[in-house]
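Engineer: One structure follows; several queries about it will come next.
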Amino acid sequence: MMTTVKEGYVKTEFHQGITTVEFFHPLGNSLPGRLLEELANAIHGAGNDEHTKAIILRSGGEKVFCSGAS
């Protein structure tokens, strides 16, 4: 599943008990509130999924993510 929010996205993939949640925004270190909400929902959903044994959280794109919110 992939949710796009104003040039950013949150993407969730599930394989063999592992849920990967990937997020991206072109500003790299600044996530709009809506994108943070989508990210929180994806993590919460994976945490409540009885088939998920581990959650991997990663940023997309070619740059390193540095925490921040806009």
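The values are calculated or read from the model by the stated rules, or taken from the named source; none is laboratory data. What you see is a predicted model, and the numbers here were worked out from it, not measured in a lab. Positions of Cβ are generated from backbone atoms using ideal geometry, with glycine treated the same way; all protein chains shown enter the neighbour counts.
Engineer: Cβ-Cβ under 8 Å, sequence separation 6+ or interchain: first residue in the stretch 12-40 and touching a residue at least 24 places away in the same chain (Cβ under 8 Å), partner part of a loop (DSSP other than H, G, I, E, B) and basic (Lys, Arg). Which pairs?
Structural biologist: Close Cβ pairs satisfying both conditions: Gly17/Lys53; Ile18/Lys53; Gly28/Lys63; Pro32/Lys6; Arg34/Lys6; Leu35/Lys6.
Engineer: Quick one: in the stretch 42-52, of everything that is within 13 Å of the chain's Cα centre (by Cα) and touching a residue at least 24 places away in the same chain (Cβ under 8 Å), which residue is nearest to Lys63 (Cα to Cα)?
Structural biologist: Out of the qualifying residues, it is Ala42.
Engineer: If we only count strands (runs of 3 or more DSSP E) wholly inside the chain, which ones have 1 or more residues that are modelled with pLDDT of 90 or more and exposed (fewer than 12 other Cβ atoms within 10 Å of the Cβ)?
Structural biologist: The strands (runs of 3 or more DSSP E) meeting that bar are 8-15, 54-59.
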